[in-house]
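Q: Dropping the structure in here first, questions after.
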Amino acid sequence: MGVSTHMSRSIMARFWATLTVALLPLLLLAIGVQTVLLRDRTRAFQSEVTLSILDKSRELRANLNDTSRIRSSLQDLVAGKRTCEDIQATLETYSADIGTIGYYGPDGQSRCSGKPLEQSVVSQIIGSQSEISSENTDIVLVQPLADGFVVAKAGVPSAEDLGVSDYALATETWQPTLVSGTRFDPPDFPERLLTEPGQSEIYRVPDGSVLQIPDDSGTYVLMTRLDRDYAEKSLWSYILQASVVPLTLVLVAAGTSAYLINRLVIADITKLRADMLEFQRFRKVPEADLSGSIATETSRMRQKFARLAATLVQEEEIAQARLDHAEDLQREVFHRVSNNFQIVQSIARIIAREGGDPTAMKKMETQIALLSAVHHSLHHIEDSEMRSLNAALPSLVTNLEFTGLVPRSGVALSHVNFSLPVAQTYSLLHAIAEWVVDLVGQGASEIEIVLGIGQLKITSDVQITSEQNIYRRLAAAFAAEMNGTVERTENGIVMQFQV
């Protein structure tokens, strides 16, 4: 399961990397196009509502423009630049719907032309702190001077006529004054007033937006409250809004693709990996033909693996048969060697009984028993496997004790786990057996064998007086073959060799 999970993760990682590289440019392009469309749509709505209000407020803006010019003329009169006759001639040239306009003193009396102001208007002017005030369907525009007022009173359309809920007028020095509608609160005021003719701006306020348009003179600013939010958003807001649809489509497409890849590709490969693991554990050959339910490429992989698995199983069966035959042969050789040792021992006993040299026959019988003990220590009687050096050495001591060549419990053994080739193992065991039997023959009752990696040490409780030629030759041959040395001590030997 760990292998298939890693494989699935690797394939999915490659899929996501490929999908990202393929779709990222298209996704960015789609978001960019969608951002431009959203911003253009906002500007189109702005243009539509602005043009509508400009058309409906044409008369109002003309009145404001003419009023501004008249106020400028009257201010010139006050400054002594023009006469009343010039001002009167100028007033007759304006076509604005202006009910009352003139230069008045604090008592409301005209100082140039026109009738005196009504007392209600004078009271309103004196009590007002604004240049603009509303009176029913009229507006009063006031320009305070040192010794009087320049006043213009003109009719204005209603908010319904402009198609808005509220609208107000403002100047650079005074806050907006509600002209028609129900409310125009301080939060609705713009941060700055537009003063350049031809400009317009829509800004966001609670529950809608506000459009401000200056008149042609740049003196007055018309502000209308819109029920919808027509203000342009920040670029990031458009990007976030534009990303919703493309990202949703990409996620849906990616999720669908991932599901299909997992269902049509990864599931087939996972099944093949499971069949491989089952073959590895139980040698079960998978089905070769599942082309009706898996992809063509995976089917070909499965067919090739099925053929390879069948071939491997067949070759293993052949190899196992050959191994069984070889084991039978090795087991037969082992038994025949053991039988030959017994036959030679029997012949030696017969010769000794019929008048042969008893000493020589005894020596030959002992030597044969020693070789038989070495042989049995290396082989299992019940099977054909050969023992390692670690297992063969204790078995050698047991066999020597069983044949009576060494006293029981007379040999102490200490060894570490390591192995040698078969031929060197046999030579070392033979040399140890010869040396131990020789020490027993010299009267030793306690013998210690210490076998380490690259070192053999044998000591006894007697002082060595002689040494057999056969052991000396075996030890010298083994040491030469293993690039080692042999040194005899007073009560034993020390052998060094390379492993």
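The values are calculated or read from the model by the stated rules, or taken from the named source; none is laboratory data. Note that the structure is a prediction, hence the values are computed from the model and not measured. No Cβ is skipped: glycine too gets one built from the backbone with ideal geometry, and neighbour counts run over all protein chains shown. Accessible surface is based on the protein model in full, side chains and every heavy atom, while ligands, DNA and RNA are left aside. Shrake-Rupley method; radii C 1.70, N 1.55, O 1.52, S 1.80 Å.
Q: Test of understanding: among V486, V450, V397, which residue is touching a helix residue (DSSP H, G or I) at 6+ places or on another chain (Cβ under 7 Å), open to solvent by 10 Å² or more (accessible area, probe 1.4 Å) and either more than 30 Å from A326 (Cα to Cα) or not in a strand (DSSP E or B) (or both)?
A: On inspection, the qualifying residue turns out to be V486.
Q: Quick check on Q455: is it touching a residue at least 40 places away in the same chain (Cβ under 8 Å), under 60 Å from the mean Cα position of the chain (by Cα) and open to solvent by 50 Å² or more (accessible area, probe 1.4 Å)?
A: So Q455 fits the description; yes.
Q: Could you grab me the full set of residues in region 195-212 that are buried (at least 17 other Cβ atoms within 10 Å of the Cβ) and modelled with pLDDT under 75?
A: none
Q: Give the residue, chosen from A267, A309, that is modelled with pLDDT under 85 and small (G, A, S).
A: A267
Q: Further question on the same structure: Here is a check on your reading of the model: is R192 under 19 Å from L54 (Cα atoms) and surrounded by fewer than 16 Cβ atoms within 10 Å (Cβ to Cβ)?
A: Against the criterion (under 19 Å from L54 (Cα atoms) and surrounded by fewer than 16 Cβ atoms within 10 Å (Cβ to Cβ)), R192 does not qualify.
Q: Okay, next question. Considering only residues that are within 60 Å of the chain's Cα centre (by Cα) and open to solvent by less than 80 Å² (accessible area, probe 1.4 Å), which ones fall in region 325-370?
A: A326, E327, Q330 - these are the residues of region 325-370 that are within 60 Å of the chain's Cα centre (by Cα) and open to solvent by less than 80 Å² (accessible area, probe 1.4 Å).
Q: OK, next. Going by what's in this entry, would G410 be described as of a type outside the set (F, W, Y) and open to solvent by less than 60 Å² (accessible area, probe 1.4 Å)?
A: Yes: the conditions hold for G410.
Q: Go through V245, V265, V252 for me and flag whichever is part of a helix (DSSP H, G or I), over 30 Å from V313 (Cα atoms) and in contact (Cβ under 8 Å) with a residue 60 or more places away in the chain.
A: None of the others qualify; the one that does is V245.
Q: Among the residues of region 470-483 satisfying the criterion of being within 15 Å of I432 (Cβ to Cβ) and touching a Phe, Trp or Tyr at 6+ places or on another chain (Cβ under 8 Å), which is surrounded by the most Cβ atoms within 10 Å (Cβ to Cβ)?
A: The extreme case among them is A475.
Q: Out of all the residues in region 418-431, is one or more at pLDDT below 85, aromatic (F, W, Y), part of a loop (DSSP other than H, G, I, E, B) and more than 21 Å from Q367 (Cβ to Cβ)?
A: Yes, the conditions are met somewhere in region 418-431.
Q: Just to be sure before I move on: is V78 at pLDDT 90 or above and surrounded by 12 or more Cβ atoms within 10 Å (Cβ to Cβ) in the structure I sent?
A: no
Q: Related question: Would region 253-268 turn up any residue that is hydrophobic (A, V, I, L, M, F, W, C), open to solvent by less than 40 Å² (accessible area, probe 1.4 Å) and closer than 21 Å to L29 by Cβ?
A: Looking through region 253-268, at least one residue is hydrophobic (A, V, I, L, M, F, W, C), open to solvent by less than 40 Å² (accessible area, probe 1.4 Å) and closer than 21 Å to L29 by Cβ.
Q: Scanning for something polar (S, T, N, Q) and not in a strand (DSSP E or B), does region 402-410 turn up at least one residue?
A: So far as region 402-410 goes, yes, one or more of its residues are polar (S, T, N, Q) and not in a strand (DSSP E or B).
Q: Name the pairs: first residue in region 346-361 and modelled with pLDDT of 70 or more and part of a helix (DSSP H, G or I), second residue small (G, A, S) and surrounded by 11 or more Cβ atoms within 10 Å (Cβ to Cβ), Cβ to Cβ under 8 Å, at least 6 apart or on different chains?
A: Taking only residues 6 or more apart or on different chains, the pairs are P358/A352; M361/A348; M361/A352.
Q: While we're on this one: Among the candidates F418, F478, single out the residue that is among the aromatic types (F, W, Y) and in contact with a Ser or Thr (Cβ under 6 Å, 6 or more places away or on another chain).
A: Criteria check complete, one pass: F478.
Q: Please go through region 208-252 and give me each residue that is of a type in the set (S, T, N, Q) and more than 26 Å from Q34 (Cα to Cα), ordered by number.
A: Q212, S217, T219, T224
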